[in-house]
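Below is one structure, written out as structure tokens, with a few remarks after it.
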Amino acid sequence: MKIVFLAPFGIRPKGTVIARMLPLASELQILGHEVTVIVPPYTNPEDSGITEIVQGVRLVNVLLPSGGKAMGALQLAWRMFRSARAEKADLVHLFKPKGYGGLAAMLHLSLQRLGLRLPPLFLDSDDWEGKGGMNDLHSYSTLEKWLFAFQEGWLSKRAVGVSVASRELQRLTTQAGVAPERICYLPNCVSEITPGDGRHVREKFGIRPEVPVLLLYTRFFEFDQERLYRIFAGILSGVSGVRFLVVGKGRNREEERLTAAARKMGFDAALIMAGWIAPQEIPDYLAAASVAIYPMDDTLVNRSKCPAKLTELLLAGLPVVADRVGQTAEYIVDTVSGILCSPGDTEQMVDRTVWLLQEPEANRKLASEGRRSLLERFNWREAAQNLDHFYRSLANP
């Protein structure tokens, strides 16, 4: 089959296209399909109008329009629709039911209902967008929030099939009236990679090889910031000499707040704020750590998401202490491939992290089993095979 993926945004600097769409596209091509990714490169406007090959997949950056935001949105959606139609695809798969790609998909389905011969359209959802979801985390306008929530409901009910990245999204999609046979559970997966080398990262920050390093790899929005401060302070009181390596960038000056709290609570000398790291450098930063924590509040947006960062931590061979929220319990079997804590239980996360930092044999076993289990149960090759079966069961090209 010839397949078109409609991307939600550009390939840089965001990671959705790289982390989810391209691995699926690559594996589908190994199965004999031809996949083209149509991209609205508003996040990387320097690529406007450029066609490139990324990880063996043809990626078409549509030409960005000029003009105001509203008219520009309609033009960009129209150009995405035209680019997809020009591919003469057997099916189209939209990733994220919102924005420019969502408008292009709505036009596709509307014209199809009017009698225009167009390929079947599938939808992929990796976040809950509406009330209680991503709408609440972004500074969208009232109109944008209404539009994104409307698109999510309208598209899921009219797409031929819906792939979902989490069990919670599977439940919500079924609750919205989509028949179970039209839903494909498609969590974020991994492929085998060469582990990073953390030695030069430790040298950069003056961390000796024997010093324990606790990693927080985050965008900060998934948990209560005050709780994080208590976790760090508690771990330092239990493990003298530990260093806290924080990799990632927040939206609302969380780094500044963390630094201020560190000074106030006495863990500033242990804190290393690495900030945003280029994707090719991240494996080395993960390899510099001894243990990682993955705190998550029990909210709808967290239950719905499929945390790609958690898969990166497990793939890097790091033992992880995470809150039992949503997909974390899919990826981690408690005390076997990681440690799960009751959501919001600060003392439990502190105690289990301290224990893991002090028990090298348990650390090694959890790290090894976490990586093995992830590669066995959540790999892109099997995910693409499942998606291929899902396409064939519903599309009949």
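The values are calculated or read from the model by the stated rules, or taken from the named source; none is laboratory data. Keep in mind the model is a prediction, meaning the values are calculated, not measured. Please note: Cβ atoms are built from the backbone with ideal geometry, for glycine as well, and neighbour counts cover all protein chains shown.
Remarks
- Any pair with Cβ under 6 angstrom, 6 or more apart, that starts in region 25-50 at a residue that is surrounded by 18 or more Cβ atoms within 10 Å (Cβ to Cβ) and ends at one that is in a loop (DSSP other than H, G, I, E, B) and among the polar types (S, T, N, Q): Ser26/Gln55; Pro41/Ser48
- Where a residue in region 133-152 is closer than 21 Å to Thr173 by Cβ and not assigned by TED's automatic domain parsing to the domain that holds Glu222 and its partner, wherever it lies, is hydroxyl-bearing (Ser, Thr, Tyr) and buried (at least 19 other Cβ atoms within 10 Å of the Cβ), with Cβ under 8 Å and at least six apart: Gly133/Ser304; Glu152/Ser125
- Residue within region 291-312 that is on the phi > 0 side of the Ramachandran plot and either outside the structural domain of Thr346 (by TED's automatic domain parsing) or part of a strand (DSSP E or B) (or both) present: no
- Answer residue from region 175-222, given it is in contact with a strand residue (DSSP E or B) (Cβ under 8 Å, 6 or more places away or on another chain) and aromatic (Phe, Trp, Tyr) and is farthest from Thr299 (Cα to Cα) among those: Phe205
- Applying the criterion of being in a helix (DSSP H, G or I) and under 21 Å from the mean Cα position of the chain (by Cα) to the residues of region 44-102, the residue that is nearest to Leu147 (Cα to Cα) is Gly99.
- Within region 325-364, the residues that satisfy the criterion of being closer than 19 Å to Leu286 by Cα and either touching a helix residue (DSSP H, G or I) at 6+ places or on another chain (Cβ under 7 Å) or surrounded by 15 or more Cβ atoms within 10 Å (Cβ to Cβ) (or both) are Thr328, Tyr331, Ile332, Ser337, Gly338, Ile339, Thr353, Val354, Leu356, Leu357, Ala362, Asn363.
- Residue within region 262-272 that is assigned by TED's automatic domain parsing to the domain that holds Leu228, under 22 Å from Ser139 (Cα atoms) and not hydrophobic (A, V, I, L, M, F, W, C) present: no
- Members of region 14-43 found to be touching a Leu at 6+ places or on another chain (Cβ under 8 Å), outside any helix (DSSP H, G or I) and hydrophobic (A, V, I, L, M, F, W, C), listed by number: Val35, Val37, Ile38, Val39
- Matching residues in region 93-135 - criterion: being of a type in the set (Gly, Ala, Ser), crowded, with 18+ Cβ neighbours inside 10 Å and touching a Ser or Thr at 6+ places or on another chain (Cβ under 8 Å): Ser125, Gly133
- Considering region 1-13, the residues that are part of a loop (DSSP other than H, G, I, E, B) and surrounded by 14 or more Cβ atoms within 10 Å (Cβ to Cβ) include one that is modelled with the lowest pLDDT, namely Arg12.
- Lone unmet requirement of (1) assigned to a helix (DSSP H, G or I); (2) without any contact (Cβ under 8 Å) to a residue 24 or more places away in the chain; (3) over 17 Å from Gly370 (Cα atoms) for Ala329: (3)
- Leading residue by the ranking (nearest to Phe390 (Cα to Cα)) among those in region 159-191 that are charged (D, E, K, R) and crowded, with 17+ Cβ neighbours inside 10 Å: Arg182
- Test: Val201 is farther than 27 Å from His138 by Cβ, surrounded by 13 or more Cβ atoms within 10 Å (Cβ to Cβ) and within 25 Å of the chain's Cα centre (by Cα): yes
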